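*Asks:* Shown below is the structure under consideration.
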Amino acid sequence: MDTKEAETPEAETPEAETPEAETPEAETPEAETPEAETPEAETPEAETPEAETPEAETPEAETPEAETPEEAEELLAQLAESSLFSGLGRGALRRVAGLGTVEQVKYNEFLFREGDEGDKVYLILDGAIRISRQVPGMGEEALAVLRSGSAFGEMVLIDGSPRSADALGHEASTLFVIEKEQLERLMFVDRTLASELLWKMVRILAQRLRATNDKMTFLSVTGRF
């Protein structure tokens, strides 16, 4: 006898419902609105008024009056008759005249003193200049009184040594004054002029040496030496 196997009904396994994973909604960060910075009110600094320093008034340089043609001709004539510039051609005299200035000196006003640096050459146009030295225990000893047409201070062009004596106004005088550097520059450029001036200076120095010898002889003879 066939035994029928009891068919066991398969239990239907209910499918487990997989709960859907809830995807958390991404929280969108709220954009932070930057707080508007309230600018601090700038307190204007009290401006301290600067003390105005009064500007020093610069004295205006006096512009020398323009030389008239007559004055220019007179100066050339005086240069041509002077001990230092006589014999120079008219062109050379004009160049020399263009270097110097006309200056006034008062009575007993010093132009330079013994030991001063030599930086100028002088020509007497009018008046008189006294060349002297101070002798200890005796005071001033006049060596010479130079008058119109005479030049002095020219030794600086030869040896550049300090002044060997004082020079002062023997009376109110008018001088033609040339800066040493200006005259040296002209002599460097114009060799003919330089040669003539150097010979003039040699003659002037020889004359002064003779005058000094005569004075020494006189003092020796009279017993005043």
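Each value in this text was obtained by applying a stated rule to the coordinates, not by laboratory testing. If you're wondering where the values come from, they're calculated on a predicted model, not measured in any experiment. Every residue, glycine among them, receives a Cβ derived from its backbone with ideal geometry; neighbour counts consider all protein chains shown.
*Asks:* Please compute, for the alpha-carbon atoms of the range 70-222, the extent along each of the three principal axes and give them in descending order in Å.
*Replies:* Here the Cα extents, ordered largest to smallest, are 49, 30, 26 Å.
*Asks:* At V145 and M216, where each label point lies 7 Å from the Cα along Cα→Cβ, what is the point-to-point distance in nanometres?
*Replies:* Going by the 7 Å Cα→Cβ label model, 2.4 nm.
*Asks:* Give a residue-ordered list of calculated ³J(HN,Hα) values for the range 107-112 (Karplus: 6.51 cos²θ - 1.76 cosθ + 1.60, θ = phi - 60°; whole Hz; x for Gly, Pro).
*Replies:* With the stated coefficients, the range 107-112 comes to 4, 6, 7, 7, 8, 7 Hz.
*Asks:* Can you pull out the chymotrypsin sites (Phe, Trp or Tyr not before Pro) in the range 74-166 that DSSP calls coil and that have at most 14 other Cβ atoms within 10 Å? Please report the intermediate quantities before stating the final value.
*Replies:* Values: sites: F85, Y107, F110, F112, Y122, F152; in loops: F85, Y107.
Loop-located and lightly packed - Y107.
*Asks:* Next question. Taking a label point 7 Å from the Cα of Q134 along the Cα→Cβ vector, which residues of the range 148-181 have an amide N closer than 15 Å to it?
*Replies:* What the label zone holds, given the 15 Å backbone N cut-off, is 163-168.
*Asks:* What is the extension gain from L198 to A72, computed as 0.36 nm multiplied by their sequence separation minus the C-alpha to C-alpha distance, in nm to one decimal? Let's see the in-between values first.
*Replies:* On the way: separation 126, 0.36 × 126 = 45.36 nm, distance 2.51 nm.
Using 0.36 nm per residue and subtracting the Cα-Cα distance, I get 42.9 nm.
*Asks:* Please report the net charge: other residues with Cβ closer than 15 Å to the Cβ of L76, K and R +1, D and E -1.
*Replies:* Values: positive: R90, R94, R95; negative: E67, E70, E71, E73, E74, E81.
Net local charge, L76 excluded: -3.
*Asks:* Additional query: State, to one decimal in nm, how far the label point of K106 lies from the label point of S86, with both points 7 Å from Cα in the Cβ direction.
*Replies:* Taking the two extended label points, one gets 3.4 nm.
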